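Single-structure report; data block below.
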Amino acid sequence: MRGVLDRDAADMRKPGAKKMHTRGLWSAGPNEGWCVDSYGKILLCMGIAVWGIIDKYAREELNLWAVPDACTADVPPALYLLMVRAKKGMPMQTTSNMGSETGGLAVAQTSLRQIYLPDLPLDSLPVHRSVKSVYNITRERGWRPIWEKELANVKYAYETGKISAGFHPEDPIHQGVSLWLWAKIIQLHLDDIRRENSRHRVRFQRNKLLPTGGTHGEFYKHPERWGE
């Protein structure tokens, strides 16, 4: 359960922790790079994790999924391929946190790029980057507002409500119904988060290399408006 036990990510989110320098983040445009990772802050108590894909250029949440265990090897490549099918295209590069469960995703990304983008040089633009969580900056920065605005309240409602509801965690029927119901509830919240993220306006920042002064959705759909 790397999403819960990832010490680098946990340390980075502590109050007063030294932040990674992000001013130099740059991307050529939408879908050049997708940053992916899992979030496991509700996994231990609810048995549900979140896995997400965010576009590096636009900081647009492309999708967020509620899943039983994001560290299962089949989950990242399956969700990645669902996103490729939905977008009818693939990124030039993917970035994930280090972890054995991302191997299948890297294989899928490599295979697709070899087929559809064979002329892109591997030395200047690697197919996949597997990095420490503190360097998967675009994805890691997206988790904090998701937790503070939505998931913290969901976790509180779950923990307080299961007592009054007479929930028995050892009962397999209770377990199954709880997972089925709360996964749907969390997914509804994640869908709302994704829509809100697309409408979120980023204040203008002259020294930033990525686009500012518009919404994430505008950056993603109309990058020509923020060209040099």
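The values are calculated or read from the model by the stated rules, or taken from the named source; none is laboratory data. What you see is a predicted model; the values in this text were computed from it and never measured. No Cβ is skipped: glycine too gets one built from the backbone with ideal geometry, and neighbour counts run over all protein chains shown.
Descriptive notes on the structure:
- In the stretch 152-171, the qualifying residues are those that are surrounded by 14 or more Cβ atoms within 10 Å (Cβ to Cβ) and in contact with a helix residue (DSSP H, G or I) (Cβ under 7 Å, 6 or more places away or on another chain), and the one that is farthest from residue 54 (Cα to Cα) is 167.
- Close pairs from the stretch 124-139: first farther than 15 Å from residue 32 by Cβ, partner in a helix (DSSP H, G or I), Cβ under 6 Å, at least 6 apart: 132/8; 133/8; 133/9; 133/140; 134/8; 134/12
- Complete set of residues in the stretch 61-110 that are buried (at least 22 other Cβ atoms within 10 Å of the Cβ), over 21 Å from residue 151 (Cα atoms) and of a type in the set (Gly, Ala, Ser): 96
- Looking across the stretch 115-127, just one residue is at pLDDT below 95, surrounded by 12 or more Cβ atoms within 10 Å (Cβ to Cβ) and either closer than 13 Å to residue 90 by Cα or among the acidic types (Asp, Glu) (or both), and that is 117.
- Being surrounded by fewer than 17 Cβ atoms within 10 Å (Cβ to Cβ) and charged (D, E, K, R) holds for only one residue in 141, 203, and it is 203.
- Test: residue 57 is aromatic (Phe, Trp, Tyr) and either surrounded by fewer than 21 Cβ atoms within 10 Å (Cβ to Cβ) or under 23 Å from residue 26 (Cα atoms) (or both): yes
- Pairs where the first residue, in the stretch 76-88, is over 17 Å from residue 54 (Cβ atoms) and the second is buried (at least 16 other Cβ atoms within 10 Å of the Cβ) and hydroxyl-bearing (Ser, Thr, Tyr), C-beta under 9 Å, 6+ apart: 77/102
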